[in-house]
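Enquirer: Quick one: the structure is below, and I'll ask about it shortly.
The values are calculated or read from the model by the stated rules, or taken from the named source; none is laboratory data. Keep in mind that what you see is a predicted model, and the values were worked out from it rather than measured. Virtual Cβ from ideal backbone geometry, glycine too; neighbours counted across all protein chains shown. We work out accessible area using only protein heavy atoms, side chains counted, and drop any ligands, DNA or RNA first. Shrake-Rupley method; radii C 1.70, N 1.55, O 1.52, S 1.80 Å.
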Amino acid sequence: MANIPEVTRKDEQEDPAATKPAASATEAKITCDENGVDEGFPYARPPVCELTGDIRISPKEKTMYFVNPSGAGPFDANGEKKIRPFARKDDFLLPGVVEVTIKSVSSAEAAPECTRRHDVPVVVFSVAGYTDNFFHDNTDVLIPLFLTTAHLKGEVQLLITNFKPWWVHKFTPLLKKLSNYDVINFDKDEGLHCFRVGHLGMYRDRDLIISPHPTRNPHNYSMVDYNRFLRRAFALPRDSPAVLGEETGATPKMLIIERKGTRKLLNLREVSAMCEELGFTVTVAEAGGDVRGFAERVNAADVLLAVHGAGLTNQIFLPTGAVLVQIVPWGKMDWMATNFYGQPARDMRLRYVEYYVSEEETTLKDKYPRDHYVFMNPMRIHGEGWPAIAEIIMKQDVMVNMTRFKPFLLKALDELQE
């Protein structure tokens, strides 16, 4: 048998002694969690499989060969288990996720030979779906990857399918914080990679909400843990907001995230001016592709203000104890406002202020008569499903009533002084 490279450090070295089997056949074990449904949350995830033993991965064949003499496990009549390793169970998205087959083989001789042997666990996952939306970058990939790998403290190899070079480049600081090894492009690599421990797929909890759970979050991480992880990965300096008062002379800093598409804050300049009058130093910026640069801007703020949308995900970079102000558009958005951004803020030990716009503050009033169900029974929009929500609720703009909005800005200021 030819000598096989064994990956034991980031700089790979030849190891002539690394021709032994990855693990003895008696150690073969596979468990798959099929129950991705969360009755309290609408977004489940596909199955996740954990393997221990002699695992040989052929990216070219989209196959994980599993030396399994007993044949036991969640396999079909052909000794196979097929999984699309994406952390969001979305019937619209999943057909676009590369399908990977776990193939049970009876002996090491029945499996293809290793060309590279790795001395660390492997996680195979996809970055398909809605990636490039910052909310989904986190909820569908980065947080699931954190839940799956953080306990390994960098000693894990990442194999990424539906590989997007721009996405990997964009989040390289986070990937390097989770893994000490260069990621492998599962879509192009032609090697045969051997491991002793492997994951196909990732754990997922409730978007930006992380709670202890035996299968969705088996290592009991929290959003505080994720927040700290991000600060370290991007070397963000602030762990707490400014201390206000006469002794320090500090003025509170507010960052307002500007939206250029839908759900624009039409009187943004007026809002910014009032915030300045109340004593804030205000910066207005649009969240862009420079994740580190914008993370530094957010971390420098004491208050983050934005209309409901993916930009609010940037609260993950705020210092503990800072304030998040969410402007919630018209349309009975209580559940989405709370579960997407409000509860995560509280879970990260941020102070949270939410402002619900009235029917007088939405551009929907210019499109629909006041006796329309959009105003009389907005829950009907939700009953019609996501297409109706996207077309009606998500396409409005807002113009807050300054008299009505001012007390909420004062509340944000009070929260900082507590």
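Enquirer: Just to verify a result, which residue in the range 334-352, among those that are more than 13 Å from I316 (Cβ to Cβ) and in contact with a Phe, Trp or Tyr (Cβ under 7 Å, 6 or more places away or on another chain), is surrounded by the most Cβ atoms within 10 Å (Cβ to Cβ)?
Expert: Going through the qualifying residues, I end up with G342.
Enquirer: Answer yes or no as to whether A273 is surrounded by fewer than 21 Cβ atoms within 10 Å (Cβ to Cβ), farther than 30 Å from A87 by Cβ, small (G, A, S) and touching an Asp or Glu at 6+ places or on another chain (Cβ under 9 Å).
Expert: Judged against the criteria, A273 is not a match.
Enquirer: Something else about it: So in the range 104-129, with the set limited to residues that are of a type in the set (D, E) and assigned to a loop (DSSP other than H, G, I, E, B), which one is surrounded by the fewest Cβ atoms within 10 Å (Cβ to Cβ)?
Expert: Selected residue: E113.
Enquirer: Turning to a different aspect of this structure: Got at least one residue in the range 130-138 being open to solvent by 10 Å² or more (accessible area, probe 1.4 Å), at pLDDT 95 or above and polar (S, T, N, Q)?
Expert: Checking the range 130-138: not a single residue is open to solvent by 10 Å² or more (accessible area, probe 1.4 Å), at pLDDT 95 or above and polar (S, T, N, Q).
Enquirer: On the basis of being open to solvent by less than 40 Å² (accessible area, probe 1.4 Å), within 18 Å of the chain's Cα centre (by Cα) and not hydrophobic (A, V, I, L, M, F, W, C), does T101 make the cut?
Expert: Against the criterion (open to solvent by less than 40 Å² (accessible area, probe 1.4 Å), within 18 Å of the chain's Cα centre (by Cα) and not hydrophobic (A, V, I, L, M, F, W, C)), T101 does not qualify.
Enquirer: Can I ask one more? Please go through the range 144-174 and pick out each residue that is open to solvent by 10 Å² or more (accessible area, probe 1.4 Å), in contact with a strand residue (DSSP E or B) (Cβ under 8 Å, 6 or more places away or on another chain) and aliphatic (A, V, I, L, M).
Expert: Scanning the range 144-174 gives a single hit, V168.
Enquirer: Then there's this: Return a yes/no flag: does the range 130-153 have any residue that is in a strand (DSSP E or B) and within 27 Å of A28 (Cβ to Cβ).
Expert: No, there is no match, as no residue in the range 130-153 is in a strand (DSSP E or B) and within 27 Å of A28 (Cβ to Cβ).
Enquirer: Also, quick follow-up: Looking at the range 227-270, which of the residues that are β-branched (V, I, T) and farther than 21 Å from N401 by Cα is most open to solvent (accessible area, probe 1.4 Å)?
Expert: This residue is V243.
Enquirer: Hey, Q326 hits all of (1) among the polar types (S, T, N, Q); (2) in contact with a helix residue (DSSP H, G or I) (Cβ under 8 Å, 6 or more places away or on another chain); (3) surrounded by fewer than 22 Cβ atoms within 10 Å (Cβ to Cβ) but one; which does it fall short on?
Expert: Result: Q326 fails condition (3) only.
Enquirer: Okay, next question. Looking only at the range 362-418, count how many residues are of a type outside the set (D, E, K, R), over 30 Å from T281 (Cα atoms) and within 30 Å of the chain's Cα centre (by Cα).
Expert: Residues meeting the conditions: 13.
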